[in-house]
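Q: Would you mind keeping the following structure in view while I ask a few things?
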Amino acid sequence: MIVCEQVEKRYGRKTILTQLSFEITEPKIIGLIGRNGVGKSTLLKILAGHVKTSAGKTEVIGKRPFQNLTVAANTILIEDGMTFPSVMNLEEILKSGKKFYKNFATDLAFELLKFSRISDKNHHHHLSKGQKAVFNLIYGIASRCAITLLDEPMNGMDETIRDDMYRVILKDFLTHPRVMIISSHYLNEMEHLIEEILLLHEGKVELFAPVEEVQSLAIKLVGQKENVEPALKAYEVLATYENGPIFEAIVKNSELPLPGGVRIQNLSASDVCKVLTTSKGGSIDDIYRNSKSNT
Ligand SMILES: Nc1ncnc2c1ncn2[C@@H]1O[C@H](COP(=O)(O)OP(=O)(O)OP(=O)(O)O)[C@@H](O)[C@H]1O
């Protein structure tokens, strides 16, 4: 359904995406994860056909997406800056949904809007930031497009409505499976929802794997420094932290026996992604350890 092969995107002299390759062959919910500025929104815009690639092959439902009408009719990109015609109120916007998306679930959209306590007499540009995000997400889910791209859809929503909206995504996916790619900085909140993680790092796909596989890539060793540090020689160390007398090391998972005084803590997929995309230049701990201002 989606193929990216050696995709490259440059803005002027700046290369954003390079040698980016992955394939999605069946409906599933995928979390698109990566540090600020890595190119998540750019990738979603490429898939939606809004932005042209600089090189490589991109196919969405068998077509090159850039300005392609078939792709446009079967793909929706929900993002922060979305606008709707200012003369229309929300009721009119939802009623016109079917004109653009043949499977648009108009009744469901009205019910979800009512549940979210947003009057359909409002105009989109008069909604609060959180309300806009809720409306945009409802519109995106109700469109029931084969390719549903959600760029930071929960931005601005309070925690309660975020929980409700995660549930909407899951329920609607179960009844109407499709490819959903959700970019988010809140991977912890989404881990129960997504099946696979597409992690971007330095313009490339760092990993594309099921959530459980990502969780098992690394573990945390915890204990007194004198117990943990000698044990680290046997591991590939990804990060270390000192919290007073407690020393913690995140290491690549392995079946090695544990030395005395060291315990293992499992990590969330979010923790693993964070450590995989942390600058090799060191951590905040290192800055405080080495800073001249501390002397
Ligand atoms: N139209 C554009 N012209 C020039 N540079 C751009 C343009 N759009 C994006 N960029 C640059 O491309 C890079 C990737 O931006 P993008 O918005 O895709 O990142 P992101 O991973 O979604 O970031 P965030 O998590 O902060 O939202 C950034 O350095 C950004 O400044």
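The values are calculated or read from the model by the stated rules, or taken from the named source; none is laboratory data. No experiment lies behind these values; they were computed from the predicted model shown. Ideal geometry is used to build each Cβ from the backbone, glycine not excepted, and the neighbour counts take in all protein chains shown. The accessibility values were calculated without ligands, DNA or RNA, using every heavy atom of the protein model including side chains. Shrake-Rupley method; radii C 1.70, N 1.55, O 1.52, S 1.80 Å.
Q: Return only the number of the condition from (1) on the phi > 0 side of the Ramachandran plot; (2) touching a residue at least 40 places away in the same chain (Cβ under 8 Å) that GLY261 does not satisfy.
A: Just one mismatch for GLY261, condition (2).
Q: Looking at the stretch 187-236 only, could you name the residues that are part of a loop (DSSP other than H, G, I, E, B) and either under 16 Å from LYS28 (Cβ atoms) or touching a Phe, Trp or Tyr at 6+ places or on another chain (Cβ under 6 Å) (or both)? Can you show your working first?
A: The initial filter retains those residues of the stretch 187-236 that are part of a loop (DSSP other than H, G, I, E, B), namely 191-195, 202-203, 216-217, 235-236.
Passing the criteria: GLU191, HIS192, LEU193, ILE194, GLU195.
Q: Then there is this: Of all helices (runs of 4 or more DSSP H) completely enclosed by the stretch 1-107, which ones contain at least 3 residues that are within 15 Å of the ligand (Cβ to nearest atom)? Even if it seems obvious, please write down each step before you answer.
A: Values: elements: 40-48, 69-74, 90-95, 97-100.
In the stretch 1-107, the matching helices (runs of 4 or more DSSP H) lie at 40-48.
Q: Looking at the stretch 70-105, which of its residues are open to solvent by 60 Å² or more (accessible area, probe 1.4 Å), farther than 28 Å from MET1 by Cα and polar (S, T, N, Q)?
A: Here is the first cut: in the stretch 70-105, the ones open to solvent by 60 Å² or more (accessible area, probe 1.4 Å) are 70, 80-81, 83, 85-87, 92, 95, 98-100, 102-103.
Filter again for farther than 28 Å from MET1 by Cα, leaving 85-87, 92, 95.
Once the filter is applied, which keeps residues that are open to solvent by 60 Å² or more (accessible area, probe 1.4 Å), farther than 28 Å from MET1 by Cα and polar (S, T, N, Q), the stretch 70-105 yields only SER86.
Q: Any residue at all in the stretch 44-60 that's assigned by TED's automatic domain parsing to the domain that holds ASP151, over 30 Å from HIS192 (Cβ atoms) and of a type in the set (Asp, Glu)?
A: Checked the stretch 44-60: at least one residue is assigned by TED's automatic domain parsing to the domain that holds ASP151, over 30 Å from HIS192 (Cβ atoms) and of a type in the set (Asp, Glu).
Q: Test of understanding: among GLU212, GLU236, which residue is among the charged types (D, E, K, R), under 16 Å from LEU267 (Cβ atoms) and more than 19 Å from the chain's Cα centre (by Cα)?
A: Numbers: GLU212 fails: more than 19 Å from the chain's Cα centre (by Cα).
Within the list GLU212, GLU236, the selection yields GLU236.
Q: Mind checking which pairs have a first residue in the stretch 1-28 that is farther than 26 Å from ARG178 by Cα and hydrophobic (A, V, I, L, M, F, W, C) and a second that is open to solvent by 70 Å² or more (accessible area, probe 1.4 Å) and within 16 Å of the ligand (Cβ to nearest atom), Cβ under 7 Å, 6 or more apart or different chains?
A: ILE16/ARG10
Q: Could you tell me how many of the residues in the stretch 73-130 are β-branched (Val, Ile, Thr) and without any contact (Cβ under 8 Å) to a residue 12 or more places away in the chain? If you could, list the steps in order and put the result at the bottom.
A: Initial filter on the stretch 73-130 (β-branched (Val, Ile, Thr)): 75-76, 78, 83, 87, 93, 106, 118.
Restricting the remaining residues to those that are without any contact (Cβ under 8 Å) to a residue 12 or more places away in the chain gives 87.
Residues in the stretch 73-130 being β-branched (Val, Ile, Thr) and without any contact (Cβ under 8 Å) to a residue 12 or more places away in the chain: 1 in total.
Q: Starting from the stretch 148-159, keep only residues that are at positive phi, then list their pairs with residues that are within 16 Å of the ligand (Cβ to nearest atom) whose Cβ atoms are within a distance under 7 Å, requiring at least 6 positions of separation or different chains.
A: Every condition considered, the pairs that remain are GLU152/ASP80; GLU152/SER183; GLU152/SER184; GLY156/LYS129; GLY156/ALA133.
Q: To continue, here is another question. Report, by residue number, each residue of the stretch 238-256 that is loosely packed, with under 15 Cβ neighbours inside 10 Å and of a type in the set (A, V, I, L, M).
A: ILE246, LEU256
Q: Filter the stretch 204-223 down to the residues that are open to solvent by 40 Å² or more (accessible area, probe 1.4 Å) and not aliphatic (A, V, I, L, M) and list them by number.
A: LYS204, GLU206, PHE208, PRO210, GLU212, GLU213, GLN215, SER216
Q: Another question, then. Taking into account only those residues within the stretch 106-148 that are of a type in the set (A, V, I, L, M, F, W, C) and in contact with a Gly (Cβ under 8 Å, 6 or more places away or on another chain), which is surrounded by the most Cβ atoms within 10 Å (Cβ to Cβ)?
A: Of the stretch 106-148, the ones of a type in the set (A, V, I, L, M, F, W, C) are 108-110, 112-113, 115, 118, 127, 133-135, 137-138, 141-142, 145-147.
Those still in the list that are in contact with a Gly (Cβ under 8 Å, 6 or more places away or on another chain) too: 109, 133, 142.
Details: ALA109: 23, ALA133: 23, ALA142: 26.
Going through the qualifying residues, I end up with ALA142.
Q: For ALA239, state whether it is in a strand (DSSP E or B) and modelled with pLDDT under 90.
A: Details: in a strand (DSSP E or B): yes; modelled with pLDDT under 90: yes.
Taking the combined requirement at face value, the residue satisfies it.
Q: Please pick out the residue among ASP172, ASP163 that is within 24 Å of ASN74 (Cβ to Cβ), of a type in the set (Asp, Glu) and either open to solvent by 10 Å² or more (accessible area, probe 1.4 Å) or not in a loop (DSSP other than H, G, I, E, B) (or both). Show your work before the answer.
A: Working: ASP163 fails: within 24 Å of ASN74 (Cβ to Cβ).
On inspection, the qualifying residue turns out to be ASP172.
Q: Moving on to the next point. Of all residues in the stretch 262-280, how many are surrounded by 12 or more Cβ atoms within 10 Å (Cβ to Cβ) and touching a Gly at 6+ places or on another chain (Cβ under 7 Å)?
A: Residues flagged as surrounded by 12 or more Cβ atoms within 10 Å (Cβ to Cβ) and touching a Gly at 6+ places or on another chain (Cβ under 7 Å) within the stretch 262-280 amount to 2.
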